[in-house]
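**Student:** Below is a structure I'd like to ask you about.
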Amino acid sequence: QKEVEQNSGPLSVPEGAIASLNCTYSDRGSQSFFWYRQYSGKSPELIMFIYSNGDKEDGRFTAQLNKASQYVSLLIRDSQPSDSATYLCAVNMRYEGSGGSYIPTFGRGTSLIVHP
Amino acid sequence: DAGVIQSPRHEVTEMGQEVTLRCKPISGHNSLFWYRQTMMRGLELLIYFNNNVPIDDSGMPEDRFSAKMPNASFSTLKIQPSEPRDSAVYFCASIPGQSYNEQFFGPGTRLTVL
């Protein structure tokens with residue numbers, strides 16, 4: 001069973017704090033990892049992707065990947081109320097039934113609340 | 001570009017009725033995905049097409065669901081007959097090429113089956 005696991009939350013942090021969102025995945029062969037943000041009633045939008053072990057920074061966002069531990073995380077620095085949303089972790093996983101194609105598998109998302 | 005277009009945005013129907021959801025991917029994108037999102041199960045991949053050909057439909061819940069992509073600019077997801085447990089938001093997404101990079105999601109169709 002190919003799985004992506006996230007804590008559903010909600011994760012509540014004060015404005016200006018660091019929010020840490022975590023994700024684990026089951027397929028050791030996965031190579032591509034993505035974080036999407038979804039506001040209530042809206043569609044998911046990509047905020048970060050990471051392919052290599054280590055950290056990748058983009059503005060207030062840092063994605064961290066540890067393939068040996070099958071773990072990917074997203075840090076949001078200086079959290080703002082506008083960051084309040086559900087954050088979805090997505091992992092490309094290889095499914096034999098699809099002719100070996102890599103199929104995106106999403107976690108159920110973590111709800112983040114940033115309070116003033 | 002207008003992005004991925006889905007219609008209708010909202011659909012309310014009665015159990016047993018046929019429902020057809022429509023999607024127009026971004027021009028030039030040749031992979032298209034249909035997802036269903038519920039609170040209980042999150043975002044589930046139903047089926048994905050590459051160059052109009054279904055590659056993986058293992059996520060389609062049962063025979064009541066069918067999807068087609070007759071050309072590069074149009075896809076449908078049909079539910080017949082519909083049941084209350086089909087109530088969900090259905091998203092269509094597209095990407096350029098077959099390699100998975102950023103998925104561009106449509107606004108979704110909120111389906112309610114009474």
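**Student:** Inside the stretch A:48-62, can you point out the residues that are within 14 Å of chain B (Cβ to nearest Cβ) and in contact with a Leu (Cβ under 6 Å, 6 or more places away or on another chain)?
**Tutor:** Selection gives A:Ile50 alone.
**Student:** With respect to the numbered conditions (1) under 19 Å from A:Gly9 (Cα atoms); (2) outside any loop (DSSP other than H, G, I, E, B), which one is the sole condition not fulfilled by A:Arg108?
**Tutor:** (2)
**Student:** Now, a different point. Residues of the stretch B:86-104 being more than 7 Å from chain A (Cβ to nearest Cβ), outside any strand (DSSP E or B) and modelled with pLDDT of 80 or more, which ones?
**Tutor:** Result: B:Asp86, B:Ser87, B:Pro96.
**Student:** Has the stretch A:85-103 got any residue that is touching a residue at least 12 places away in the same chain (Cβ under 8 Å), of a type outside the set (Lys, Arg), touching a Leu at 6+ places or on another chain (Cβ under 7 Å) and more than 23 Å from B:Gly3 (Cβ to Cβ)?
**Tutor:** no
**Student:** Continuing with the same structure: Could you say which residue among A:Ala90, A:Ala85, A:Ala68 is more than 10 Å from chain B (Cβ to nearest Cβ) and either surrounded by 21 or more Cβ atoms within 10 Å (Cβ to Cβ) or in contact with a helix residue (DSSP H, G or I) (Cβ under 9 Å, 6 or more places away or on another chain) (or both)?
**Tutor:** One residue alone meets the criteria, A:Ala85.
**Student:** Provide a single number: the residues in the stretch B:33-61 that are on the phi > 0 side of the Ramachandran plot and away from every other protein chain (no Cβ under 14 Å).
**Tutor:** 1
**Student:** Could you say whether any residue in the stretch B:67-84 is within 13 Å of A:Pro104 (Cα to Cα) and out of contact with any Cys (no Cβ under 8 Å at 6 or more places or on another chain)?
**Tutor:** Looking for residues that are within 13 Å of A:Pro104 (Cα to Cα) and out of contact with any Cys (no Cβ under 8 Å at 6 or more places or on another chain), one finds none in the stretch B:67-84, hence no.
The values are calculated or read from the model by the stated rules, or taken from the named source; none is laboratory data. The shown structure was predicted, so the numbers you read here are calculated from the model rather than taken from an experiment. Note: ideal-geometry Cβ built from the backbone for every residue, glycine included; neighbour counts use all protein chains shown.
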